[in-house]
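Everything below concerns the one structure shown next.
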Amino acid sequence: MPSATLKLTDLSVSAFVAGLVAMLTGYTSSLVLMIQAGQAAHLSDAQIASWIWALSIGMGVTTIGLSLLTRVPIVIAWSTPGAALLIASLPGVPYAEAIGAFLLAALLMTAAGLTGWFDRLMRALPASIAAALLAGILFRISIDVFVQAQHQTLLLLPMFAAYLLGKRWWPRYAVPGVLVIGVALAGVLGQLHFEQFHFAVAAPVWTTPAFSLQAFVSIAIPLFIVALASQNIPGLAVLRADGYHVKASPLITVTGLASAVLAPFGSHGINLAAITAAICTGSEAHPDPARRYTAAVVCGIGYLVAGTLAASIAALFAAFPQALVIAVAAFALLGSIASGLTTAMQNPGEREAALLTFMITASGMTLAGIGSAFWGVVGGIVALWVLRPRQGR
């Protein structure tokens, strides 16, 4: 087993920036969902801060620990679709019963890891479908940069030029260069707003779990399903698409146990990351795949810092223009999208099924409360099963 320590010689500027961008992307993309859900359920500011603290500490500890133990860039994230689900379901349930539902959902995920059936599921997933799934997930976030360019042309056009010039002359530092140029331009354009930011250390708030059938049906089961289908399956697909073939069961077990421990403090669940993970697993993070784990470690350290300052973290991330964060993430993900599409289209017999997987996933559709990543896999597998006999003839 590799030594669970960080080798500073493995760290690089590109890996450091990739980890930082992954952390920023994770928070800016969905932090508002938890704040919105907490406010809709009439939680106190202290309870919302404890919620963010519990998720951040859990993500930080597991990201750092798993990445150092495996020497693989394993990034853990909170359940974004789970947070969106809670906006509607949390207000109708007493908070103690919601905490009990969080705990039960975490135990269900732990059982999925301990029994090993999730590993068997992932082994049955064809490489072309997994790669198309990865490309579809990343395509959704990356294409937003061009939508943002309609309104933030003065900010994003120079960032785009900086990326192209960086890829031409300093490919290893293209994304760090985009980040530096973007922050400088945002400052010049008056788009950095630190007026509302203040340092405040978060204090965890314990809530004793209570259990009810209503909370189990309306919160626990949906949380488990969306985390499994919309987070863990795509998260493992990201790792495997970039050549990291790790066993899924230990990862699912660890995140499930961490979620259970932190549930009384407000954590609705942590799981494998997909989009933020791809920032750390791709070649932009480091040319050497064996050293990309350092990007995940940097991301994990960022999580710990953010969790400690959870009471003021929303104000910190609100200081940066959203277009800047989207652009840096989009440019960092281009290599992973290209790699995913290349792998997805390699096998002529699976090409059409992979294309359908990509299209369904990239559409962003939601059906029966489950996101497009799950339905992309289902559509691709069905297409593969139906089309393969005809192609064989």
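The values are calculated or read from the model by the stated rules, or taken from the named source; none is laboratory data. What you see is a predicted model, and the numbers here were worked out from it, not measured in a lab. Virtual Cβ from ideal backbone geometry, glycine too; neighbours counted across all protein chains shown.
Numbers at a glance
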read-out	value
Any hit, segment 195-208, residues being small (Gly, Ala, Ser) and part of a helix (DSSP H, G or I)	no
Flag if Leu228 is hydrophobic (A, V, I, L, M, F, W, C), assigned to a helix (DSSP H, G or I) and either free of Cβ contacts under 8 Å to residues at least 40 places away in the same chain or crowded, with 24+ Cβ neighbours inside 10 Å (or both)	no
Residues of segment 38-52 satisfying the condition of being touching a Phe, Trp or Tyr at 6+ places or on another chain (Cβ under 7 Å), assigned to a helix (DSSP H, G or I) and of a type outside the set (S, T, N, Q)	Gly38
Cross-chain or 6+ apart pairs with Cβ under 9 Å, segment 134-152 first and touching a residue at least 60 places away in the same chain (Cβ under 8 Å) and surrounded by 20 or more Cβ atoms within 10 Å (Cβ to Cβ), then of a type in the set (Lys, Arg) and in a helix (DSSP H, G or I)	Leu134/Arg240
Residue in segment 104-112 that is out of contact with any Lys or Arg (no Cβ under 8 Å at 6 or more places or on another chain), in a helix (DSSP H, G or I), surrounded by fewer than 20 Cβ atoms within 10 Å (Cβ to Cβ) and free of Cβ contacts under 8 Å to residues at least 40 places away in the same chain present	no
Of the criteria (1) crowded, with 20+ Cβ neighbours inside 10 Å; (2) in contact (Cβ under 8 Å) with a residue 60 or more places away in the chain, which one Gln214 fails	(1)
Which listed residue is among the aliphatic types (A, V, I, L, M), in a helix (DSSP H, G or I) and either touching a strand residue (DSSP E or B) at 6+ places or on another chain (Cβ under 7 Å) or modelled with pLDDT of 85 or more (or both), from Leu133, Leu165	Leu165
Among the candidates Leu43, Leu31, residue that is at pLDDT below 80 and either touching a strand residue (DSSP E or B) at 6+ places or on another chain (Cβ under 7 Å) or closer than 22 Å to Leu262 by Cβ (or both)	Leu31
Residues satisfying the stated conditions in segment 71-93, i.e. modelled with pLDDT of 90 or more and of a type outside the set (A, V, I, L, M)	Arg71, Pro73
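Residue-wise test of (1) more than 30 Å from Thr153 (Cβ to Cβ); (2) surrounded by fewer than 20 Cβ atoms within 10 Å (Cβ to Cβ); (3) among the acidic types (Asp, Glu).
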{"residue": "Pro176", "(1), (2), (3)": "no, no, no"}
{"residue": "Leu192", "(1), (2), (3)": "no, yes, no"}
{"residue": "Ala202", "(1), (2), (3)": "yes, no, no"}
{"residue": "Pro209", "(1), (2), (3)": "yes, yes, no"}
{"residue": "Phe224", "(1), (2), (3)": "yes, no, no"}
{"residue": "Lys247", "(1), (2), (3)": "yes, yes, no"}
{"residue": "Val261", "(1), (2), (3)": "yes, yes, no"}
{"residue": "His268", "(1), (2), (3)": "yes, no, no"}
